[in-house]
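Below: the structure, in structure tokens.
Values in this text are rule-based calculations from the coordinates and carry no lab data. Just so it is clear, the structure is predicted and the values come from calculations on it, not from any experiment. Note that each Cβ is placed from the backbone with ideal geometry, even for glycine, and that neighbours are counted across all protein chains shown.
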Amino acid sequence: MRETVRRLDGILCDLAEIANPGARGFVVLDDDDLPMKVFVVRHDSGVRGYVNRCPHNRIPLDFKPDDFLNLGKTHIQCATHGALFLMGDGLCVEGPCRGKRLDAFPVTVLNGRIQCGDPRQTRVGQGDRHSPLDPPGKGTKTLNRSREK
């Protein structure tokens, strides 16, 4: 499946398009048309959004598109080194980045549709100030994508 490109202020997909439990990846464009890889995970009665980047080595979590969960569909799993993260808060509970969290990406559900939340609420962890698509050592763009006036 090809990555879906959406705007930060737009609808990502219908809630029914993501299995429970399940996950789906997106590329969202900020106000400056810079891409950011994110994914939405659905579990129990909750929906959470995260930046698609492992806190251990800053690479995407999925090896295949939309493949973010372990086989038992109980945790988010990094396809590269097998780290396991809680779906509800992104905390790493097993692997080389134990104790670190995935960067949250705000989403809301309204009328059965998952949409981007306020991008100023995107939490960047561990002092990381790089764009989610920048390789390590490149760029200094923060995830606060609001335009300054």
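Below 8 Å between Cα atoms, with a sequence gap of 6+, how large is the relative contact order for the stretch 4-121 in percent?
Computed over the stretch 4-121, the figure is 25 percent.
Taking other Cβ within 10 Å of each residue's Cβ, how do 13, 97 sort, fewest first?
Numbers: 13 15, 97 20.
Going from least to most buried by this count: 13, 97.
Using the count of nearby Cβ atoms within 10 Å as a rough guide to exposure, how do 61, 71, 15 rank from fewest to most?
Values: 61 24, 71 7, 15 16.
Ordered by Cβ neighbours within 10 Å, fewest first: 71, 15, 61.
Taking only the alpha carbons of the stretch 4-121, what extent do you get along each of the three principal axes, in Å, biggest first?
Computed over the Cα atoms, the extents are 35, 31, 25 Å.
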